[in-house]
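Below is one structure; the comments refer to it alone.
The values are calculated or read from the model by the stated rules, or taken from the named source; none is laboratory data. This one's a predicted model, so the numbers in the text were calculated from it and none came from an experiment. Glycine gets a Cβ as well: all are built from the backbone with ideal geometry, and neighbour counts include every protein chain shown.
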Amino acid sequence: MDKVRIDPLVFWLSLAVIVVATLALVIFRDTAEPFLNEMLTGITYNLDWAFQFLTFGLFILLVWLIFSKYGKVKLGEEAPEFSTFSWGAMLFCAGMGTSIMFWSMMEPIYYYTGPPFGIEPGSSTAAEWAVTYGLFHWGISAWCLYALPTVTIAYSIFVKKNHSLKISTACRGVLGKHADGFIGKLIDILVIWSLVGGLGTSLGLGVPMVSAVIGEIFGVEQSLTLSIIIIVIWVIIYSSSAYLGLYKGIRRLSDLNVYMALALAVFVLLAGPTLFILSYFTNSFGLMLQNFAMMSFYTDPVNQGGFPQAWTVFYWAWFAATAPFMGLFVARISRGRTIRELITHVLLWGSVGSWLYFAVFGGYAMNLELTGALDIVGILGESGGPAAIVAILKTLPASFFVLIFFAVLGFIFLATSLDSATYILSAIATKELVGEQEPARWHRLLWGAILAALAISLLLIGGLNVIQTSSVIVSVPVIIIYLLLTVSLVNWLREDYPAIPIQTAQKRGETDGI
């Protein structure tokens, strides 16, 4: 088999963009954050309608694909590479990371104190909506943003036989030869930057949270040194996994991740107020289903309270920025699945996993707050989210062991996201991958080192929040990429499976699965 070769233009230009942007943040750190925050506010307020229509439109499109004749189209002739469990584990872990561990506890508290629809903060109505909005933001809509790029990329690789794990190649159905030219290179560089920015978000949440938990375990103060040690340990974990590759490393780490995440959720459910958690989730889930359309289009244009812009639109922009990475990774591991199977599994695995965490951890945190057992609102206001997470975990039985388990899970959760990311970063900067070829090991490890250096340098200047903001700003051109991917997929499907007489279609379906 031929050696895999890097795409020099994409590789060096991406590297240059990341280095220049990081240096700019270091040099102009006093002015960069306010400028980027102003841009972020402008995007969430001026393009709220665009992100709301994009997300709901994808939901309609994916439902149509599931129930149309195209749902039976098989993505490649071979049998699936991975068991359904390993496949689902990898796609969930790549998509969620440590973010779900943090937000499943903190987000309901934020909604309780700053609810939507003009509801009185801290009221019983605010409490009813607290977990409801968490279920909405991390449910079907979020995973629709991940599913569409996944289907188009998988179709490009396994049906159209484009031996390249790139977004530009998946847009060939609409861009034609331009997918290999300047426009294609620009798309790939943009995707790499959005991915690096999305990882900045994961690191920005994960490092302080795990640092706070480890500090509590060992009785040491949170410090920059501790955070850097944590990043170095993460680099060792995910570099080892990335070095072993997709089959030996990432798959096994994801399997372990899901077992541990499930074990922690079951423990909290049984050790906590079980009946309250179950009842509270049921009520919240019903509220979400009843108000799904309203929440999907809520922009609050008259009162301008800012809730949908600060939360819903920000989330859709953040998920859209990281969606090309998710699409590339999940497409790579989905050979042998049908379009219907791929869409339903992405939506269900992702949503059910997220709902489980919000039901259990969100319900547990809200019970502590509502019963007065722990003043989470006060701790959050005075000491921040990581300290509030530690305080919540300390209320559980055998809290010392829970803290250790939580810290280990946090390490593994982010490691699975990061090694998936290094795999995809190196794949985008590789010319082509044939069959079961993987990006070169040195290439994967190099991206791991680049991400670590970026994280530590930004940590030194307190700039992880800045790169998080910049990743959301990148989501604006990603809206155009969504349109290109949609048109590309529809063009390919119509080209490969044109409208033909029913008798002919039936005969053809016997041979190709339609």
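When we screen Thr322, Thr338, Thr371 for residues that are closer than 22 Å to Ile473 by Cα and among the hydroxyl-bearing types (Ser, Thr, Tyr), the only hit is Thr322. Condition check for Leu445 on (1) farther than 22 Å from Tyr423 by Cα; (2) at pLDDT 75 or above; (3) more than 21 Å from the chain's Cα centre (by Cα); (4) not polar (S, T, N, Q): one failure, at (1).
Taking the conditions (1) touching a Lys or Arg at 6+ places or on another chain (Cβ under 8 Å); (2) closer than 26 Å to Ala320 by Cα in turn, Trp12 satisfies each one other than (1). Looking at Thr84, Thr152, Thr113 in this structure, which one is touching a Leu at 6+ places or on another chain (Cβ under 7 Å) and β-branched (Val, Ile, Thr)? After applying the criteria, what remains is Thr152. Filtered by the rule that a residue be surrounded by 21 or more Cβ atoms within 10 Å (Cβ to Cβ) and not hydroxyl-bearing (Ser, Thr, Tyr), segment 44-53 gives Asp48, Phe51. Look at (1) assigned to a helix (DSSP H, G or I); (2) loosely packed, with under 13 Cβ neighbours inside 10 Å and you find that Glu77 fails only one, number (1).
If I filter segment 318-333 for residues that are free of Cβ contacts under 8 Å to residues at least 12 places away in the same chain and charged (D, E, K, R), do I get at least one hit?
Checking segment 318-333: not a single residue is free of Cβ contacts under 8 Å to residues at least 12 places away in the same chain and charged (D, E, K, R).
With respect to (1) at pLDDT below 85; (2) hydroxyl-bearing (Ser, Thr, Tyr); (3) within 30 Å of Ala388 (Cβ to Cβ), the lone exception for Ser211 is condition (1). Per the listing Ile187, Ile153, Ile167, Ile192, the residue uniquely aliphatic (A, V, I, L, M), surrounded by 24 or more Cβ atoms within 10 Å (Cβ to Cβ) and in contact with an Asp or Glu (Cβ under 8 Å, 6 or more places away or on another chain) is Ile167.
Within segment 458-470, the residues that satisfy the criterion of being buried (at least 17 other Cβ atoms within 10 Å of the Cβ) and modelled with pLDDT of 65 or more are Leu458, Leu459, Val466, Thr469, Ser470. Give the residue that is nearest to Gly372 (Cα to Cα), with candidates limited to residues of segment 110-150 that are of a type in the set (S, T, N, Q) and either touching a residue at least 12 places away in the same chain (Cβ under 8 Å) or touching an Asp or Glu at 6+ places or on another chain (Cβ under 6 Å) (or both). Once the filter is applied, the top-ranked residue is Thr113.
In the set (1) farther than 24 Å from Leu356 by Cβ; (2) among the aliphatic types (A, V, I, L, M); (3) within 20 Å of the chain's Cα centre (by Cα); (4) modelled with pLDDT of 85 or more, the condition left unmet by Leu246 is number (4). Of all positions in segment 285-293, none carries a residue that is of a type in the set (A, V, I, L, M, F, W, C), closer than 28 Å to Leu91 by Cβ, crowded, with 16+ Cβ neighbours inside 10 Å and under 19 Å from the mean Cα position of the chain (by Cα). Among the residues of segment 294-308, those identified as touching a residue at least 24 places away in the same chain (Cβ under 8 Å) and either more than 22 Å from Thr113 (Cβ to Cβ) or buried (at least 17 other Cβ atoms within 10 Å of the Cβ) (or both) are Met295, Ser296, Phe297, Tyr298, Phe307, Pro308.
Can you tell me which residue in segment 97-122 is modelled with the lowest pLDDT, limited to those that are in a loop (DSSP other than H, G, I, E, B) and within 25 Å of Val210 (Cβ to Cβ)?
Of all residues in segment 97-122, those in a loop (DSSP other than H, G, I, E, B) come to 97-98, 114-122.
Now narrow it down to the ones that are within 25 Å of Val210 (Cβ to Cβ): 97-98.
Details: Gly97: 67, Thr98: 74.
Only one residue tops the list, namely Gly97.
The number of residues in segment 278-302 that are of a type outside the set (Ser, Thr, Tyr) and part of a loop (DSSP other than H, G, I, E, B) comes to 4. Leu253 passes every criterion in (1) buried (at least 21 other Cβ atoms within 10 Å of the Cβ); (2) aliphatic (A, V, I, L, M); (3) at pLDDT 85 or above apart from (3). Whenever a residue of segment 381-409 is touching a residue at least 60 places away in the same chain (Cβ under 8 Å), its partners that are in a loop (DSSP other than H, G, I, E, B), lying with C-beta atoms within less than 6 angstrom and at least six residues away or across chains, give the pairs Val402/Leu396.
Residues in segment 36-58 that are in contact with a Leu (Cβ under 9 Å, 6 or more places away or on another chain) and more than 30 Å from Thr22 (Cβ to Cβ): Thr55, Leu58. Among all positions in segment 26-42, there is no residue which is assigned to a helix (DSSP H, G or I), crowded, with 18+ Cβ neighbours inside 10 Å and among the hydroxyl-bearing types (Ser, Thr, Tyr). Of everything in segment 309-363 that is among the hydroxyl-bearing types (Ser, Thr, Tyr) and farther than 16 Å from Gly134 by Cα, the residue that is surrounded by the fewest Cβ atoms within 10 Å (Cβ to Cβ) is Thr344.
Of the residues screened, Ser194 is one that is at pLDDT below 90, farther than 24 Å from Arg335 by Cβ and in contact with a helix residue (DSSP H, G or I) (Cβ under 6 Å, 6 or more places away or on another chain).
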